[in-house]
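A.B. asks: The structure under discussion is supplied below as structure tokens; questions concerning it will follow.
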Ligand SMILES: [Mn+2]
């Protein structure tokens, strides 16, 4: 079956059921994935209950309700299909939405599995797959593209190419069309663009080695002051999101100059950023995909999604 056929099979199975139990991974991708499914299913009038787990093993498997609800495993399950079979889960009432390596099972009656990796899409997460199933259910669910982007970024699907690619990029286009996502293409490759004081963002970028700036907040501050970027008031630096276009250009030029002068590799200097203009500025960590994902991962670690 093609990826689209798998997506349709999952959507069809969902349409014909009244109650769903979601079992999802407790990290940014798993939480986003669950949020997409829960929203889309509720809109269909389907009752959803969720169990978050750290990993799928015989112990956590016992937490899954033993009832007639449709079971949806999200961000896990593909690699544990043998165990799910042994547990006696009904293949016609079990959907696996995943992006991890799949375990082949010896069965004439397999689970409904929607896994982008099985179709060669390596740079997409479970939240992305959940979104595609949700969109197949009803095009109204394109408003959930933002959540899919957060899951993809949480699983670092953008890191190798410094941008989302493949089906994850198509989801991004949905988000942009919907107006809840803004793309800053090939912008400076730093973290914390909505919350971190700029010297910190520059000093703690893992991807580039800027002599005199990297791992040196004071050095980064002096570097910025030399090109006329100064604190808004004593000890209060602007964040990258709030710099004017010209100021950004100035910083980028100065960084390139500094790196080139010291023979550093500039190939990872620019990356895409995904902004959420609908999130208000008082909740700044939610204003871009990478900081939002960090927030969800921290919530997961505290077991409070
Ligand atoms: Mn994942």
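The values are calculated or read from the model by the stated rules, or taken from the named source; none is laboratory data. Remember, it's a predicted structure, so these values are computed and weren't measured experimentally. All Cβ positions, glycine included, derive from the backbone under ideal geometry; neighbour counts span all protein chains shown.
A.B. asks: For residue 169, all conditions in the list (1) in contact (Cβ under 8 Å) with a residue 40 or more places away in the chain; (2) surrounded by fewer than 24 Cβ atoms within 10 Å (Cβ to Cβ); (3) part of a helix (DSSP H, G or I) hold save one; what is the number of the exception?
C.D. replies: Every condition holds for residue 169 apart from (1).
A.B. asks: Now a separate question. So residue 302 clears everything in (1) under 30 Å from residue 54 (Cα atoms); (2) buried (at least 17 other Cβ atoms within 10 Å of the Cβ) except one condition, right? Which one?
C.D. replies: Unmet condition: (2).
A.B. asks: Test residue 92 against the criterion of being away from the ligand (no atom under 15 Å from the Cβ), modelled with pLDDT under 95, more than 29 Å from residue 301 (Cβ to Cβ) and not in a loop (DSSP other than H, G, I, E, B), and give yes or no. Even if it seems obvious, please write down each step before you answer.
C.D. replies: Working: away from the ligand (no atom under 15 Å from the Cβ): yes; modelled with pLDDT under 95: yes; more than 29 Å from residue 301 (Cβ to Cβ): yes; not in a loop (DSSP other than H, G, I, E, B): yes.
Judged against the criteria, residue 92 is a match.
A.B. asks: In the stretch 131-158, what residues are away from the ligand (no atom under 16 Å from the Cβ), under 26 Å from residue 191 (Cα atoms) and out of contact with any strand residue (DSSP E or B) (no Cβ under 9 Å at 6 or more places or on another chain)?
C.D. replies: Those that are away from the ligand (no atom under 16 Å from the Cβ), under 26 Å from residue 191 (Cα atoms) and out of contact with any strand residue (DSSP E or B) (no Cβ under 9 Å at 6 or more places or on another chain): 143, 144, 145.
A.B. asks: Kindly establish whether residue 68 is in the same structural domain as residue 118 (by TED's automatic domain parsing), touching a residue at least 40 places away in the same chain (Cβ under 8 Å) and surrounded by fewer than 17 Cβ atoms within 10 Å (Cβ to Cβ). Before the answer, list the steps.
C.D. replies: On the way: in the same structural domain as residue 118 (by TED's automatic domain parsing): yes; touching a residue at least 40 places away in the same chain (Cβ under 8 Å): yes; surrounded by fewer than 17 Cβ atoms within 10 Å (Cβ to Cβ): yes.
It is true that residue 68 is in the same structural domain as residue 118 (by TED's automatic domain parsing), touching a residue at least 40 places away in the same chain (Cβ under 8 Å) and surrounded by fewer than 17 Cβ atoms within 10 Å (Cβ to Cβ).
A.B. asks: Something else: Say we look at the stretch 100-118 and pick out the residues that are in a loop (DSSP other than H, G, I, E, B) and modelled with pLDDT of 95 or more; which of these is farthest from the ligand (Cβ to nearest atom)? Spell out the reasoning first.
C.D. replies: From the stretch 100-118, those in a loop (DSSP other than H, G, I, E, B) are 100-111; that's our starting set.
Checking which are modelled with pLDDT of 95 or more leaves us with 100-102, 111.
Values: 100: 7, 101: 12, 102: 14, 111: 18 Å.
So, considering only residues that are in a loop (DSSP other than H, G, I, E, B) and modelled with pLDDT of 95 or more, the one farthest from the ligand (Cβ to nearest atom) is 111.
A.B. asks: In addition: Among the candidates 36, 97, single out the residue that is within 15 Å of the ligand (Cβ to nearest atom), in a helix (DSSP H, G or I), touching a helix residue (DSSP H, G or I) at 6+ places or on another chain (Cβ under 9 Å) and under 26 Å from residue 294 (Cβ atoms). Lay out the reasoning, then the answer.
C.D. replies: Working: 97 fails: in a helix (DSSP H, G or I).
Being within 15 Å of the ligand (Cβ to nearest atom), in a helix (DSSP H, G or I), touching a helix residue (DSSP H, G or I) at 6+ places or on another chain (Cβ under 9 Å) and under 26 Å from residue 294 (Cβ atoms) holds for just one of 36, 97, which is 36.
A.B. asks: So residue 169 passes all but one of these: (1) at pLDDT 95 or above; (2) out of contact with any helix residue (DSSP H, G or I) (no Cβ under 8 Å at 6 or more places or on another chain); (3) closer than 30 Å to residue 234 by Cβ. Which condition number does it fail?
C.D. replies: It fails just one condition, (3).
A.B. asks: Please return the ranges of helices (runs of 4 or more DSSP H) entirely within the stretch 179-289 where 3 or more residues are surrounded by fewer than 16 Cβ atoms within 10 Å (Cβ to Cβ) and either in contact (Cβ under 8 Å) with a residue 24 or more places away in the chain or not assigned by TED's automatic domain parsing to the domain that holds residue 148 (or both).
C.D. replies: Numbers: elements: 198-203, 217-226, 245-261.
Here the list reads 217-226, 245-261.
A.B. asks: Another one. Output the number of residues of the stretch 119-130 satisfying the condition of being within 13 Å of the ligand (Cβ to nearest atom) and assigned to a helix (DSSP H, G or I).
C.D. replies: The qualifying residues number 5.
A.B. asks: Being buried (at least 17 other Cβ atoms within 10 Å of the Cβ), in the same structural domain as residue 69 (by TED's automatic domain parsing) and within 18 Å of residue 90 (Cα to Cα) is the requirement here; does residue 35 meet it?
C.D. replies: On the way: buried (at least 17 other Cβ atoms within 10 Å of the Cβ): yes; in the same structural domain as residue 69 (by TED's automatic domain parsing): yes; within 18 Å of residue 90 (Cα to Cα): no.
For residue 35, the condition - buried (at least 17 other Cβ atoms within 10 Å of the Cβ), in the same structural domain as residue 69 (by TED's automatic domain parsing) and within 18 Å of residue 90 (Cα to Cα) - is not met.
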